[in-house]
1. Could you tell me which numbered condition Ala246 fails, if it satisfies all but one of (1) open to solvent by less than 20 Å² (accessible area, probe 1.4 Å); (2) out of contact with any strand residue (DSSP E or B) (no Cβ under 7 Å at 6 or more places or on another chain)?
2. Which numbered condition trips up Leu191, out of (1) farther than 22 Å from Phe156 by Cα; (2) open to solvent by less than 10 Å² (accessible area, probe 1.4 Å); (3) over 14 Å from the mean Cα position of the chain (by Cα)?
3. Go through Leu88, Leu81 for me and flag whichever is open to solvent by 60 Å² or more (accessible area, probe 1.4 Å) and under 13 Å from the mean Cα position of the chain (by Cα).
4. Within the range 11-24, can one find any residue that is among the β-branched types (Val, Ile, Thr), in a helix (DSSP H, G or I) and at pLDDT below 90?
5. Let me spell it out: the conditions are (1) among the β-branched types (Val, Ile, Thr); (2) modelled with pLDDT of 95 or more; (3) open to solvent by 40 Å² or more (accessible area, probe 1.4 Å), and Val166 meets all of them except one. Which number is the exception?
6. Working only within the range 205-218, note down all residues that are of a type in the set (A, V, I, L, M, F, W, C), open to solvent by 60 Å² or more (accessible area, probe 1.4 Å) and touching a residue at least 60 places away in the same chain (Cβ under 8 Å).
7. I'd like to verify a number: residues in the range 106-122 that are open to solvent by 20 Å² or more (accessible area, probe 1.4 Å) and in contact with a helix residue (DSSP H, G or I) (Cβ under 7 Å, 6 or more places away or on another chain), how many?
8. For the range 133-157, how many residues are out of contact with any helix residue (DSSP H, G or I) (no Cβ under 7 Å at 6 or more places or on another chain), part of a helix (DSSP H, G or I) and either open to solvent by less than 20 Å² (accessible area, probe 1.4 Å) or hydrophobic (A, V, I, L, M, F, W, C) (or both)?
Amino acid sequence: MDGAVIVLRDVLDYGARVLPGLVLIGVCYALARKGRDPMMRIMVLIFAFILIRDAMSPAGLWRFGGPVPWLRFTDQAGIMLGLGAAALAATAALMRLEGDLRALVRWGRPGPAAAGLGLGGGVLAAAPVLAISAPVPITERGGTVALSLLPALLVFCLAGNLAEEVLFRGVLQGYLEPRLGAVRAALLSGLLFAACHVFLASTVTGAGWPLLAFTLWEGLICAFLRMRAGVLPAALAHGTAIFLLACGLV
């Protein structure tokens, strides 16, 4: 089958899966905008992201495996680039249109220090899974990934996880911090991040508790990076960790 036809088929299948839920969530968001407290809108946005993310599994856009945890994305670079672009566009639109949510996001100062923290955090987050996986042949944990796909995979990991970090470490943690204090807000952000992977781990896929353990570890790392240095290094850490787990090079 021609590559363009495969991409179109997969995109249409994915869109058909998520569209009904997104329509309902959109109605909920419109109603929630009537209130002054942004928490309901934050939770609706998180629900929308969970739907978009979890529907990738039955649509065949990513795969999980075990008992040694592994992760692989679609082998269609066009789909990864398109989803990455859509994630960036949605994040930019949210930040432009919702001023009170934008005010909650502490981006941090870009630069070498932030990049170092982000890359180090990503390596730290992925390290336990990579260490467990290392003795197992690559053929038993998802197989190799074509080198030509790595640029698209990197774009997708960074863009998609930027959107997720803006929600969890940007608006959610930013909302909680003045109410609970910085440390408690970071802990709750990390715990809620892991809790929002429960259905992905237990029903959508067969990944089970290893996925929850990883997302808790990763979520706490990103939350404390946000507390110290802002959303940008947290997003870089998240994207780096997922890329390392999905690239098939380690």
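The values are calculated or read from the model by the stated rules, or taken from the named source; none is laboratory data. What you see is a predicted model; the values in this text were computed from it and never measured. Positions of Cβ are backbone-derived with ideal geometry, glycine not excepted, and every protein chain shown enters the neighbour counts. When the accessible area is computed, the model is the full protein with side chains, heavy atoms only, and any ligands, DNA or RNA have been set aside. Shrake-Rupley method; radii C 1.70, N 1.55, O 1.52, S 1.80 Å.
1. Condition not satisfied by Ala246: (2).
2. (2)
3. After ruling out the rest, the residue left standing is Leu88.
4. The answer is yes; a qualifying residue exists.
5. Result: Val166 passes all but (3).
6. The one that is of a type in the set (A, V, I, L, M, F, W, C), open to solvent by 60 Å² or more (accessible area, probe 1.4 Å) and touching a residue at least 60 places away in the same chain (Cβ under 8 Å): Trp217.
7. The initial filter retains those residues of the range 106-122 that are open to solvent by 20 Å² or more (accessible area, probe 1.4 Å), namely 106-113, 115-117, 119-120.
Pick out the ones that are also in contact with a helix residue (DSSP H, G or I) (Cβ under 7 Å, 6 or more places away or on another chain) and you get 106-108, 110, 115, 117, 119.
Residues flagged as open to solvent by 20 Å² or more (accessible area, probe 1.4 Å) and in contact with a helix residue (DSSP H, G or I) (Cβ under 7 Å, 6 or more places away or on another chain) within the range 106-122 amount to 7.
8. Adding up the residues that qualify gives 4.
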